[in-house]
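Q: Pasting in a structure now, in structure tokens, and then I'll have a few things to ask.
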Amino acid sequence: MDIIFGKLISDALKLESHRADRAGIQHQHRISPLDPLPGESVTIHALSTSDPAVKSLELRYATDGADPRGDSPTALTVDFVKAGREWDTLVWDYITHWEALVPPQVDGTMVTYCIRATLADGAIIYADFPDAEQRVEHATMLHFSNIPADAPFVPLPQREPPLFCYHVDRLKAPAWARDAILYHIYLDCFYPGDGADWRPSADFHSCHGGTLWGVRDKLDYLADLGINCLWLSPPWRSPSNHGYDVADYERIEPRLGGDEALRAVVDGAHKRGIRVLLDFVPNHLSNQHPIFLEAKSSDSSPYRQWFTFDSKFPHGYRSFFNVESMPKINLEHPEAREWMIGNAVKYLRDFDVDGYRLDVAAGAGPNFWTHCRPRLRDAKPDCLIFGEIIDAPGYLRLYRGRLDGSLDFSLNEALRSTYAWESWDEARLQDFIESHRAYFGEDFVLPSFLDNHDMNRFSFIVENESAPLQRAAAAQFRLPNPPIVFYGTEVGLRQQLDASEHGLAVSRLPMLWGDDQDQDLLGFYRDLIRERKQRKGEPT
């Protein structure tokens, strides 16, 4: 089994996801065009099944910041019209498609809206109900045994009508992103720093001793390799070695070197023509974060609504993948959203980082990124933000106009299927690539990768044979997608255990340095990078 697709990892979960997306009344942020320009009308799409039976749908929207769910005199109402019906065998029901039209808006307009359904019995409910994300999350946790096998799915009630939004603008991904060659560093495992040693580590979850100072000390190695963009794992204060449970967004983890070390990395990288991206985590935080501790301690806390507390959850609150140490933030709450956006803005302005890889971007949701992207562009006009969205292409494409792009998990699966598992031939790969490129177009950046910190390393699948890795890397670097090299792949870093049996952290090993590096493989990667730059007419 290859650990790639999370909630779509099995045929049963794919089926459950499809049914969830078409159950009840669903909008799922589907609009056309996906990235509205000033002066363009926008069609809002929705669908419904026969249960519940829908009599009519109504769109209520505002363009002046008002909440269209209330009695604002500036909010406008438009009736949906039926745009067609289809039979869906997998749902075993007729699907009714609905459309409503929002007139053209000027540059910089935030359009907020809700969708109200009147049922045949006169009852009122709102899209999206039932919540598709909750249903698929429940099924996924059953698959991975994160909850008891007999745990029933009970959708949370709609405490208030869901609000949707889109932003009218001319924002595009920065031009430099097309020429980026990224190097993905898992900070705890890259390098301790000159004069420091690796820490003895009992398991993959103990700290190995990598630091930001270590990254600073190896910038010449990275420049010589030829990469021009670093992606660093989360550097903020955290109780874990991975950093994806942030306990303080105001401070860089002291174990990694603190604020001074991050500044040294960014300054040193920029002097060498290398940009720096941080792995930003907005979907959840640590259960040791002071804001969460206060919210948990009192029903009257001003932060109580920043989280979802309910006895239906095993820990009493909603968390990422039911992990107790990672409570999920309710980013639909305006104050929580503004606080999280402010955290991201701070490191663009105060540390001059060049953008973010966005952890669990789909968990934060399209609304959050619709608000966030313009604010980050205001802080640094040429910053890059791309998401970790482990989903099918149809869902990824909904983030056009909300993010600059997304990690290309579908392409990762195609490359691994061709060159590692050998279940595809190159003709099928080429056909997939052509369809994939046509489907997404040129305006959505899709960085490519062969492996990362949450899956088996490519070399593990091919039993440490260099030839298949070189064929896969050569194919990756021929693509227009910005390529990502996971630290150590270029020097033969090899894992010993299977992620499907021992957990995702098995690929997170201390980097090889000096005589331990595979110099032939390193030379191959240097040549790949140089040749890619030459094809693009860049200096090498």
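The values are calculated or read from the model by the stated rules, or taken from the named source; none is laboratory data. Quantities reported herein were computed from a predicted structural model and do not represent experimental measurements. Backbone-built Cβ (ideal geometry, glycine too); neighbour counts: all protein chains shown. SASA here: full protein model, heavy atoms, side chains in, ligands and nucleic acids out. Shrake-Rupley method; radii C 1.70, N 1.55, O 1.52, S 1.80 Å.
Q: As an exercise, use a Förster radius of 56 Å and the Cβ-Cβ distance of SER56 and ASP382 to find the FRET efficiency, rounded to the nearest 0.05.
A: Calculated value: 0.75.
Q: Rounded to the nearest 0.05, what FRET efficiency do GLN496 and ALA12 give with R0 = 30 Å and r taken as the Cβ-Cβ distance? Could you check?
A: It comes out at approximately 0.45.
Q: Leaving ligands, DNA and RNA out of it, report the carbon-plus-sulfur percent of the accessible area of the range 71-212 at a 1.4 Å probe.
A: Answer for the range 71-212: carbon and sulfur cover 56 percent of the accessible area.
Q: Also, I was wondering about something else. In nanometres, what is the gap between the two model label sites at GLU40 and GLU99, each 7 Å from Cα along Cα-to-Cβ?
A: 1.5
Q: Shifting gears a bit: Using the charge dipole of the chain (Lys, Arg: +1 at Cβ; Asp, Glu: -1 at Cβ; taken about the Cα centre), state which of PRO33, ILE390, THR489 has its Cα farthest towards the positive end.
A: PRO33
Q: Using only the alpha-carbon atoms of the chain as identical scatterers, what base-10 log of I(q)/I(0) does the Debye formula give at q = 0.07, 0.11, 0.12, 0.13 Å⁻¹?
A: Debye intensities relative to I(0), on a log10 scale: -0.41, -1.04, -1.25, -1.46.
Q: Hey, what did the range 63-104 get for relative contact order, percent, Cα under 8 Å, at least 6 apart?
A: So the answer I get is 30 percent.
Q: From the square roots a ≥ b ≥ c of the eigenvalues of the alpha-carbon gyration tensor of the range 274-408, which class results: rounded (a/c under 1.5), prolate (a/b over b/c), or oblate?
A: prolate
Q: Can you give the relative contact order of the range 45-150 as a percent, counting alpha carbon pairs under 8 Å and 6+ residues apart?
A: For the range 45-150, the relative contact order is 30 percent.
Q: Something else now. Got a sec? Charge dipole of the range 412-514, +1 on Cβ for Lys and Arg, -1 for Asp and Glu; which of LEU512, PRO480, THR418 is way out at the positive end?
A: The listed residue farthest towards the positive side: LEU512.
Q: Using alpha carbon centroids, what distance separates the range 218-278 and the range 496-513, in Å?
A: The range 218-278 and the range 496-513 have Cα centres separated by 21 Å.
Q: Also: Ratio of Rg to Rh for the range 330-458, alpha carbon only, Kirkwood?
A: Radius of gyration relative to Kirkwood radius: 1.03.
Q: Hey, can you find the accessible area per residue of the chain for me, probe 1.4 Å, expressed in square angstrom?
A: Ligands and nucleic acids excluded, the figure is 41 Å² per residue.
Q: Could you give the size of the charge dipole of the chain about its Cα centre, using +1 on the Cβ of each K and R and -1 on the Cβ of each D and E, expressed in debye and rounded to the nearest 20?
A: Using only the charged Cβ atoms, the result is roughly 900 debye.
Q: Hey, another quick one. Give me the extension gain from LEU119 to ASP2: residue separation times 0.36 nm, minus the current Cα-Cα distance, reported in nm with one decimal.
A: Computed gain between LEU119 and ASP2 is 37.7 nm.
Q: Counting alpha carbon pairs within less than 8 Å and at least 6 residues apart, what relative contact order, in whole percent, applies to the chain?
A: 13
Q: Would you kindly find the accessible area of GLU531, with a 1.4 Å probe and non-protein molecules such as ligands, DNA and RNA excluded, rounding to the nearest 10 Å²?
A: About 80 Å², ignoring ligands and nucleic acids.
Q: Where the Cα atoms of the range 124-259 are projected onto their three principal axes, how long is each span, largest first, in whole Å?
A: Projected onto the principal axes, the Cα atoms of the range 124-259 cover 65, 47, 28 Å.
Q: How much length is gained on full extension from LYS312 to ALA392, taking 0.36 nm per residue of separation minus their Cα-Cα distance?
A: My answer for the length gained is 25.9 nm.
Q: So between SER301 and ARG526, what do we pick up on full extension, going 0.36 nm a residue minus the alpha carbon distance?
A: 75.6 nm
Q: Would you work out what percent of the accessible area of the range 265-342, with all protein chains in place, is carbon or sulfur (probe 1.4 Å)?
A: Percent of accessible area from carbon and sulfur atoms in the range 265-342: 48.
Q: How big is the dipole moment of the range 1-58 about its Cα centre under a simple scheme where the beta carbon of each Lys and Arg is +1, that of each Asp and Glu is -1, and everything else is neutral? Debye, nearest 20, please.
A: 160
Q: Now, a different point. If you place +1 on the Cβ of every Lys and Arg and -1 on the Cβ of every Asp and Glu, how big does the dipole about the Cα centre of the range 36-111 come out, in debye to the nearest 20?
A: Roughly 140 debye, rounded to the nearest 20.
Q: Further, regarding this structure: May I ask which residue of LEU90, PRO104, LEU57 lies farthest towards the positive end of the charge dipole of the chain, with charges of +1 (Lys, Arg) and -1 (Asp, Glu) on Cβ and the Cα centre as origin?
A: Of the options given, the answer is PRO104.
Q: Based only on Cα atoms, what mean projected area does the convex hull of the range 1-150 have, in nm²?
A: 11.6
Q: Still on this structure, I have one more. On the Cα set of the range 332-388, report Rg and Dmax in Å, please.
A: So, for the range 332-388, Rg and Dmax equal 10.6, 28 Å respectively.
Q: Calculate, for ASP431 and ASN330, the FRET efficiency according to 1/(1 + (r/R0)^6) with r their C-beta to C-beta distance and R0 45 Å; round to the nearest 0.05.
A: Here the calculated transfer efficiency is 0.60.
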